[in-house]
1. Take the residues in the stretch 65-75 that are part of a helix (DSSP H, G or I), surrounded by fewer than 20 Cβ atoms within 10 Å (Cβ to Cβ) and not small (Gly, Ala, Ser), then tell me which one is modelled with the highest pLDDT.
2. What are the residue pairs meeting all of these: first residue in the stretch 1-30, first residue at positive phi, second residue buried (at least 24 other Cβ atoms within 10 Å of the Cβ) and polar (S, T, N, Q), Cβ atoms under 8 Å, and 6 or more apart or on different chains?
3. Could you tell me whether the stretch 259-274 includes any residue that is in a loop (DSSP other than H, G, I, E, B), touching a residue at least 12 places away in the same chain (Cβ under 8 Å), buried (at least 20 other Cβ atoms within 10 Å of the Cβ) and not assigned by TED's automatic domain parsing to the domain that holds Leu150?
4. Identify all residues within the stretch 115-137 that are under 16 Å from Ala73 (Cα atoms) and over 32 Å from the mean Cα position of the chain (by Cα); write none if there are none.
5. Here is a list: Glu222, Glu231. Which entry is over 18 Å from the mean Cα position of the chain (by Cα), exposed (fewer than 12 other Cβ atoms within 10 Å of the Cβ) and assigned to a helix (DSSP H, G or I)?
6. Across the stretch 90-102, what is the total count of residues that are among the aliphatic types (A, V, I, L, M) and surrounded by fewer than 21 Cβ atoms within 10 Å (Cβ to Cβ)?
7. Looking at the stretch 234-258 only, could you name the residues that are of a type outside the set (S, T, N, Q) and either surrounded by 20 or more Cβ atoms within 10 Å (Cβ to Cβ) or part of a strand (DSSP E or B) (or both)?
8. Give me the residue from the stretch 164-216 that is part of a loop (DSSP other than H, G, I, E, B) and of a type in the set (Val, Ile, Thr) and, out of that set, surrounded by the most Cβ atoms within 10 Å (Cβ to Cβ).
Amino acid sequence: MDIIILTGMSGAGKSKAANFLEDMGYFCIDNLPPQLLCNIVYAFKEGQGGEGFGIDRLAFVIDVRSAEFLAGAQAELNKLDADGINYRIIFLDASDDVLIRRYKQSRRNHPLAKEKGLSQGLVIERRQLSFLRYKATYIIDTTNLSIPNLRDHLYKLIQTADDVDERMSLLLVSFGFKYGLPLECDEIIDVRFLTNPFYVPELKPLCGLDKEVREYVLANKEAQVFLEKHEELFRYTLPYYIREGKVRLTMGVGCTGGRHRSVVMAEELARRFRQNDIRVLVNHRDIAKDPQNETKGLNTLFD
């Protein structure tokens with residue numbers, strides 16, 4: 001199990017970092033009282049009946065918001081060490097002047113500065129967190145980091161050699177233009193230029209998941225060229241989407257009814273993107289629409 005303890009100075013970016021960890025597949029628990037750390041880790045490792053919950057990435061945010069419990073953090077970490085449970089501590093820090101400026105901009109109260117000045121609150125916070133900073137696996141200074149830079153930095157620290165790029169996932173949605181555009185799409189691909197299996201009697205009742213329809217659509221040279229160009233374009237743009245902090249890119253692939261051409265092309269694009277170690281999900285929005293209804297609609301137009 002991969003366990004990360006995220007801590008550091010208030011205003012250094014822990015909330016953003018926790019969001020990024022969630023995007024990277026971690027189950028995050030924010031503002032955890034440290035005395036509960038071991039019990040929660042053991043609960044997730046053992047799960048129901050000792051088989052676990054299927055969660056292999058955990059992240060806990062521990063900071064001075066639980067100041068009255070913070071003293072127990074050292075004992076909990078010692079227990080994890082004694083039981084041979086590996087974990088990493090990521091400590092976020094920034095210069096005092098930057099932390100003060102961020103608090104003034106956000107207009108939020110520092111948890112230790114309610115009855116004191118902000119500068120004094122930071123001094124107390126640094127003292128209380130000093131043992132966690134000392135034990136930290138990584139210390140990230142966010143003084144001069146932008147939000148996308150913080151995300152990239154986190155990813156580089158926690159990734160393993162076997163990881164795919166967890167910073168971005170791609171959702172491919174096949175759909176029929178006659179039923180409207182998917183509102184969530186960032187990009188729309190129109191494949192209505194391809195020869196339509198709908199007008200082939202033996203293919204009409206089938207869908208793009210059937211072998212016969214797939215072979216019919218992909219037999220077109222223009223389909224192959226189209227796929228190659230879109231794969232090349234996506235591989236070119238992906239690093240720049242990641243640079244701008246994009247978490248999920250939703251790409252719509254549309255044909256007339258959403259049963260044949262768009263399904264085949266979405267599945268083929270997904271296959272090609274997965275070969276480039278990209279996380280891909282596919283949703284065929286209109287595949288269950290009855291093709292007979294399309295014939296009835298066409299007949300009504302010409303009556």
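The values are calculated or read from the model by the stated rules, or taken from the named source; none is laboratory data. In this text the structure is predicted, and so the values were computed from the model without any measurement. Cβ sites come from the backbone with ideal geometry, for glycine too, and all protein chains shown count toward neighbours.
1. Of the stretch 65-75, the ones part of a helix (DSSP H, G or I) are 65-66, 70-75.
This time we only want the ones that are surrounded by fewer than 20 Cβ atoms within 10 Å (Cβ to Cβ), so: 65-66, 71-72, 74-75.
Of the ones still in play, those that are also not small (Gly, Ala, Ser) are 65, 74.
Values: Arg65: 80, Gln74: 88.
Among those residues, the one meeting the criterion is Gln74.
2. If the second residue must be buried (at least 24 other Cβ atoms within 10 Å of the Cβ) and polar (S, T, N, Q), the pairs left are Gly13/Thr142.
3. Scanning the stretch 259-274, I find at least one residue that is in a loop (DSSP other than H, G, I, E, B), touching a residue at least 12 places away in the same chain (Cβ under 8 Å), buried (at least 20 other Cβ atoms within 10 Å of the Cβ) and not assigned by TED's automatic domain parsing to the domain that holds Leu150, so the answer is yes.
4. Answer for the stretch 115-137, where residues must be under 16 Å from Ala73 (Cα atoms) and over 32 Å from the mean Cα position of the chain (by Cα): Arg127, Gln128.
5. Matching residue, one of Glu222, Glu231: Glu222.
6. Going residue by residue through the stretch 90-102, those that are among the aliphatic types (A, V, I, L, M) are 90, 92, 94, 98-100.
From what's left, surrounded by fewer than 21 Cβ atoms within 10 Å (Cβ to Cβ): 98, 100.
Total meeting the criteria: 2.
7. Within the stretch 234-258, Arg248, Leu249, Met251, Gly252, Val253, Gly254, Cys255, Gly257, Gly258 qualify.
8. Pass one, the stretch 164-216, residues part of a loop (DSSP other than H, G, I, E, B): 164-168, 180-186, 191-196, 200-210.
So of that shortlist, the ones also of a type in the set (Val, Ile, Thr) come out as 164, 191, 195, 200.
Working: Val164: 15, Val191: 24, Thr195: 15, Val200: 14.
So the residue we want is Val191.
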